[in-house]
Amino acid sequence: MFFLLSKLLLYAILPVGIWLTVRMLRNPKWRRRLLPVIIGLTVIGPNNALSNEALLVWELPPAPLRSLAHHDAGVLLTGITQIHKSPHDRVYLGPGADRLTNTLWLYRAGRIDRIIISGGSGAVGQVAHTEARDLYTLLRLAGVPRAHILLEERSRNTRENALFTKELLTQHPEIKSLVLITSAFHQRRALGCFRRVGLAPTPWPADFRTTDRQLDPDYWLLPSAAAVSRWFLLLHEMTGFVTYKLLGYC
């Protein structure tokens, strides 16, 4: 039930919010109050610098490779493949592919000895294969030995990533230290979930949706469609984080 509700929550919030706004705008008193807010949002929404700055505060910052000590395994969280794209004779990577490339980088650099891929399918209906299986295929093509990859294919959300990874680790007591590899905007929630189940991974943020701060006037003044996407991403993740906190998942 929680899985389905988590999928529908944001889609339910947006139309309700729009409906309430329209109703309030019909009232002259509320219209006078809301009009400056709407104008402000129209200016702030597409502002590249403001959206970038807001997301920079939320994302965990990148860590230099030299700062990461050796760990027994890296946990690669899925959510980066397009499982509904056919034909199903290949893997379609979507936004967040840096999670995979960063994992491979850490493995090749000798920072992790094994790779745990955690993720079943986030789809509501049936799918041809799991996301973990897709990423397994790519890692094998990249030359990672079969013996160095562990699969967790049941989880459908971040909480289950943590629960089922811990369950998998009971079968591998030799793995003592972990690196958690996921998107920078997702690290706070993921790290909280893993710590809640008793694991203590080292975070490795990847897939940054922000850029470095710039002095270029274009950065501060030109509107950007990417800015709106950043605001929605931040709203979505903060909603998820608060929900997980209230439920005691992280």
ask   = If you average the sequence gap of Cα pairs under 8 Å that are 6 or more apart and divide by the length of the range 54-199, what percent do you get for the contact order?
value = 32 percent
query = Taking amide hydrogens as modeled 1.01 Å from N in the peptide plane, which residues meet the under 5 Å criterion relative to T182, leaving out close sequence neighbours?
reply = W204, A206
request  = Starting from the Cα of K245, draw a straight line to each of the aspartates and glutamates and keep only those under 14 Å, dropping any in the same chain fewer than 8 residues away.
outcome  = E237
Length added when fully stretched, R196-E53, from 0.36 nm per residue minus Cα-Cα = 48.6 nm
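Restricting to DSSP loop positions (anything but H, G, I, E, B) with no more than 15 other Cβ atoms inside 10 Å of their own Cβ, which trypsin sites (Lys or Arg not before Pro) remain in the range 122-193?
Values: sites: R133, R140, R146, R154, R156, R159, K166, K176, R188, R189; in loops: R154, R156, K176.
Taking the range 122-193 and a limit of 15 other Cβ atoms within 10 Å, the loop trypsin sites (Lys or Arg not before Pro) found are K176.
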task = Sticking with the crude label model, points 7 Å out along Cα→Cβ, report the distance from Y92 to K245 in nm, one decimal please.
result = 3.6 nm
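Quote the FRET efficiency, to the nearest 0.05, computed for H70 versus H172 with a Förster distance R0 of 22 Å and r equal to the Cβ-Cβ distance.
Working: r = 17 Å, r/R0 = 0.77.
FRET efficiency, H70 to H172: 0.85.
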request  = Could you name the aspartates and glutamates whose alpha carbon sits less than 13 Å from that of K85, not counting residues in the same chain fewer than 8 places away?
outcome  = E131, D134
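FYI, it's all coordinate maths here, none of it is from the lab. Because the structure is a prediction, the values reported are computed rather than measured. Cβ coordinates were reconstructed from backbone atoms using ideal geometry, including for glycine residues, and neighbour counts include every protein chain displayed.
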